[in-house]
Structures are given as structure tokens and as C-alpha cells.
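Asks: Take a look at the following structure, please.
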Amino acid sequence: MIRATTIREVREAVQQARREGKSIGFVPTMGYLHDGHLRLVDTARRENGLVVASVFVNPLQFGPNEDLQRYPRDLERDAHLLMQHRCDVLFAPSVEEMYPRPMETVVDVARLGQPLCGRSRPTHFRGVATVVAKLFHIVGPDRAYFGRKDGQQVAVIRRMVEDLNFPVEIVDVPTVREPDGLALSSRNVYLTPEERAHATVLYRALQWARGRILEGVRSGPELARGMAEIIGAEPGVRMDYAEVVHTDTLEPLEHLEGRVMLAVAAYVGKARLIDNLQLTIRGDEVLE
Ligand code: PAF
């Protein structure tokens with residue numbers, strides 16, 4: 001595996017692969033890799049000639065009182081895991097390499113960045129879209145892989161790619177969960193064992209809503225209220241939101257039809273956790 005820290009190095013590796021006729025798969029991450037990330041790498045490995053993964057904790061997507069300083073980092077462990085999963089190039093730039101001076105240019109997928117997580121993290125998706133746009137220009141992938149757990153992030157990036165004509169296919173990969181349903185997240189390390197047990201309420205709320213949908217309920221507000229009640233009743237958990245929205249437009253749904261995302265977020269101890277479940281509904285038919 002090539003370890004690149006500069007834009008020039010990663011571009012050279014990609015250009016060489018292109019000369020050999022290889023397609024490029026790209027997995028952008030903030031490191032501290034878990035099985036969710038490794039599933040992205042494995043999927044990219046199956047579908048591409050060259051796999052590039054980036055590890056970069058992007059300051060632009062953290063708000064002033066968020067966890068930028070204490071965000072977990074372990075680059076040597078990440079490099080080892082990426083090697084085991086047959087990644088070809090690890091791009092781990094410094095903040096100076098990515099942002100040699102304050103950014104004058106940003107990418108703001110205006111409307112899609114505002115609801116859900118955007119309400120408590122108003123500048124977050126601008127930071128994500130900006131760094132992903134930069135990374136796409138640096139790496140020039142054919143396909144880029146993102147976890148479905150970050151459903152709003154996927155919607156924002158898909159829209160950016162369409163609006164700005166990036167020649168890249170966005171692949172969203174199903175969420176990896178612990179046996180008790182907790183979605184894998186680098187932020188789970190913030191949880192004490194007791195908090196971790198309470199954190200499963202997000203998955204339990206989603207499963208409750210899924211059950212109601214399978215029974216025939218199609219009212220978005222009714223499902224959102226039910227999920228909020230379940231999360232609100234859990235000790236040690238402060239709900240941020242529980243919503244039922246269209247997967248691509250993120251608009252709240254009165255009636256469930258088409259691509260539906262049940263989306264939840266809550267504060268548990270020092271962690272802010274998110275989760276979602278995505279379904280396609282056509283009348284009585286529910287596709288998972
Ligand atoms: O999902 C993440 O880890 C980050 O938001 C991303 C896409 C790597 C951008 O920094």
C-alpha cells in the first residue's frame with residue numbers, strides 16, 4: 001500500500017493506475033476505522049482496479065463547540081487495517097496540505113444541509129461538501145463509497161455531484177451494526193458501558209417504526225411522534241430529532257410513499273449519535 005501525505009503523491013499514484021487502465025474507487029474517511037468503513041473498502045475493492053482511502057479529520061465540518069480536538073485518531077492502526085483489506089493507496093494529508101490558507105471558496109448544498117442534523121450543526125454539511133469536492137478533485141475517482149448511516153450526508157453529496165457535474169458514481173453501503181443493533185460509529189468510543197446500553201434506543205425506535213410500517217401505517221407524523229416518545233423515555237438520552245423524510249429531498253413526509261428515510265439523532269453522554277432506516281414504499285408493498 002502506498003502511503004501518500006501530499007496531493008502530488010496521491011495524484012501520481014492515480015495517474016499511474018489510469019495508464020494501466022484501472023478504474024478508481026475512493027473511500028473518504030475521518031479515520032479511527034471500524035467495520036462500517038472496512039465494508040466500504042471491501043465493496044470498493046470488489047468494484048475497482050485501484051482503491052484509494054483517505055484519512056483526514058476535516059476541521060471545516062466541526063462547529064466551534066464540537067469534538068474536533070478529541071475526535072479519536074489512530075493512523076497506524078488505520079493503515080494496518082487498510083492494508084489487511086487490500087487498499088492500494090492511503091491518503092492522509094495534514095491540515096496544511098488540505099487548507100494551506102483560509103478557504104474563500106466553499107460548496108454549500110443549501111437546502112439539503114439545513115434540516116435534520118443541519119439544525120444543530122448549521123455549518124457541518126458545508127464543511128463536508130467542501131472537503132469532499134476537494135478530495136474528488138484530488139483523487140478523481142470513478143466511484144466513491146459512503147456509509148448509509150450518514151443518510152443526510154449521502155443526499156448532500158449526491159446532489160452536489162449532480163449540480164456540479166462531478167464524473168463520479170456515489171455508492172451508499174448498508175450500515176454495519178453491533179449484534180444489539182447499535183450502528184457502528186467512531187464516536188461510540190465516547191460511550192461508557194451504561195451509556196452504550198441506552199444508545200441502542202435509536203435502533204429500537206427505528207425498529208418500532210419499521211414494525212408499524214409493515215402493519216400498514218403510512219402517516220409520517222404518527223411514526224415520527226412514536227419514535228420521539230421511545231427515545232424521549234430512555235434514561236440518559238436527550239433526543240435531537242426523530243423524523244420521517246424523503247431519502248433524496250429530505251423533506252418531511254405526511255404520507256409514506258416512494259423512497260422513505262426514518263432518521264433519528266440523540267445525545268448520549270459525550271456522544272451525539274445518528275441512525276436511520278431506508279425503505280421504498282409502493283402502496284402496500286415495502287422494500288427494504
Ligand atoms: O463521513 C465522514 O467520515 C466525513 O464526513 C467525510 C465524508 C470523510 C468528509 O470529511
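Asks: Suppose we filter D248, D275 for residues that are within 28 Å of I170 (Cα to Cα), in contact with a Phe, Trp or Tyr (Cβ under 8 Å, 6 or more places away or on another chain) and modelled with pLDDT of 95 or more; which single one remains?
Replies: Numbers: D248 fails: in contact with a Phe, Trp or Tyr (Cβ under 8 Å, 6 or more places away or on another chain).
None of the other options fit; the residue is D275.
Asks: A follow-up question, please. Report yes if T29 is closer than 25 Å to V156 by Cα, surrounded by 19 or more Cβ atoms within 10 Å (Cβ to Cβ) and of a type in the set (S, T, Y), otherwise no. Let's see the steps before the verdict.
Replies: Values: closer than 25 Å to V156 by Cα: yes; surrounded by 19 or more Cβ atoms within 10 Å (Cβ to Cβ): yes; of a type in the set (S, T, Y): yes.
When the stated conditions are applied, T29 passes them.
Asks: Next question. Of all residues in the stretch 71-92, which are touching a helix residue (DSSP H, G or I) at 6+ places or on another chain (Cβ under 9 Å) and without any contact (Cβ under 8 Å) to a residue 24 or more places away in the chain? Don't jump to the end; show me each part of the working.
Replies: Quick first cut of the stretch 71-92, residues touching a helix residue (DSSP H, G or I) at 6+ places or on another chain (Cβ under 9 Å) only: 71-72, 78, 81-82, 84-92.
Q84, the sole residue that qualifies.
Asks: Yes or no: L38 open to solvent by less than 40 Å² (accessible area, probe 1.4 Å), within 16 Å of the ligand (Cβ to nearest atom), assigned to a loop (DSSP other than H, G, I, E, B) and under 15 Å from L184 (Cα atoms)? Lay out the reasoning, then the answer.
Replies: Details: open to solvent by less than 40 Å² (accessible area, probe 1.4 Å): yes; within 16 Å of the ligand (Cβ to nearest atom): yes; assigned to a loop (DSSP other than H, G, I, E, B): no; under 15 Å from L184 (Cα atoms): yes.
In short, no.
Asks: Select from the stretch 141-165 the residues that are open to solvent by 30 Å² or more (accessible area, probe 1.4 Å) and either more than 12 Å from the ligand (Cβ to nearest atom) or not in a loop (DSSP other than H, G, I, E, B) (or both) and list them in ascending order.
Replies: D142, R143, Q153, R158, R159, E162, D163, L164, N165
Asks: Of all residues in the stretch 14-32, how many are in contact with a strand residue (DSSP E or B) (Cβ under 9 Å, 6 or more places away or on another chain), more than 10 Å from the ligand (Cβ to nearest atom) and in a loop (DSSP other than H, G, I, E, B)?
Replies: Residues that pass the stated criteria total 3.
Asks: Of the residues G49, G113, G127, which is more than 13 Å from the ligand (Cβ to nearest atom) and out of contact with any strand residue (DSSP E or B) (no Cβ under 6 Å at 6 or more places or on another chain)? Quick ask: steps written out before the conclusion?
Replies: Values: G113 fails: more than 13 Å from the ligand (Cβ to nearest atom); G127 fails: more than 13 Å from the ligand (Cβ to nearest atom).
Just a single option satisfies the conditions, and that option is G49.
Asks: Among the residues of the stretch 52-66, what is the count of those that are away from the ligand (no atom under 11 Å from the Cβ), touching a residue at least 24 places away in the same chain (Cβ under 8 Å) and either open to solvent by 30 Å² or more (accessible area, probe 1.4 Å) or touching a Phe, Trp or Tyr at 6+ places or on another chain (Cβ under 8 Å) (or both)?
Replies: Of the stretch 52-66, the ones away from the ligand (no atom under 11 Å from the Cβ) are 52, 63-66.
Restricting the remaining residues to those that are touching a residue at least 24 places away in the same chain (Cβ under 8 Å) gives 52, 63, 66.
Applying the additional criterion that residues be either open to solvent by 30 Å² or more (accessible area, probe 1.4 Å) or touching a Phe, Trp or Tyr at 6+ places or on another chain (Cβ under 8 Å) (or both) yields 52, 66.
Residues flagged as away from the ligand (no atom under 11 Å from the Cβ), touching a residue at least 24 places away in the same chain (Cβ under 8 Å) and either open to solvent by 30 Å² or more (accessible area, probe 1.4 Å) or touching a Phe, Trp or Tyr at 6+ places or on another chain (Cβ under 8 Å) (or both) within the stretch 52-66 amount to 2.
Asks: Could you pull out the residue among L262, L223 that is over 21 Å from A110 (Cα atoms), touching a Leu at 6+ places or on another chain (Cβ under 6 Å), buried (at least 21 other Cβ atoms within 10 Å of the Cβ) and modelled with pLDDT of 95 or more? Walk me through how you get there before you give the answer.
Replies: Working: L223 fails: touching a Leu at 6+ places or on another chain (Cβ under 6 Å).
After ruling out the rest, the residue left standing is L262.
Asks: Follow-up. Just to be sure, is I2 touching a Lys or Arg at 6+ places or on another chain (Cβ under 9 Å) and away from the ligand (no atom under 16 Å from the Cβ)? Can you show your working first?
Replies: Numbers: touching a Lys or Arg at 6+ places or on another chain (Cβ under 9 Å): no; away from the ligand (no atom under 16 Å from the Cβ): yes.
Criteria not met by I2.
Asks: So which residues in the stretch 166-183 are assigned to a loop (DSSP other than H, G, I, E, B) and either surrounded by fewer than 19 Cβ atoms within 10 Å (Cβ to Cβ) or β-branched (V, I, T) (or both), if there are any at all?
Replies: Within the stretch 166-183, the first condition is being assigned to a loop (DSSP other than H, G, I, E, B), and the residues that meet it are 166-168, 174-176, 178-182.
If the condition is that a residue be assigned to a loop (DSSP other than H, G, I, E, B) and either surrounded by fewer than 19 Cβ atoms within 10 Å (Cβ to Cβ) or β-branched (V, I, T) (or both), then F166, P167, V168, P174, T175, V176, E178, P179, D180, G181 are the ones that fit.
Asks: Follow-up. Any idea which residue in the stretch 69-87 is nearest to I24 (Cα to Cα), counting only those that are of a type outside the set (S, T, N, Q) and assigned to a loop (DSSP other than H, G, I, E, B)? Steps first, please.
Replies: Here is the first cut: in the stretch 69-87, the ones of a type outside the set (S, T, N, Q) are 70-83, 85-87.
Still in the list and also assigned to a loop (DSSP other than H, G, I, E, B): 70-74, 85-87.
On the way: R70: 32, Y71: 29, P72: 28, R73: 26, D74: 25, H85: 16, R86: 14, C87: 11 Å.
Among those residues, the one meeting the criterion is C87.
The values are calculated or read from the model by the stated rules, or taken from the named source; none is laboratory data. Only a predicted model underlies this, so the values are computations on that prediction, with no experimental measurement involved. As a convention, Cβ positions derive from the backbone with ideal geometry for all residues, glycine included, and neighbour counts pool all protein chains shown. Accessible surface is based on the protein model in full, side chains and every heavy atom, while ligands, DNA and RNA are left aside. Shrake-Rupley method; radii C 1.70, N 1.55, O 1.52, S 1.80 Å.
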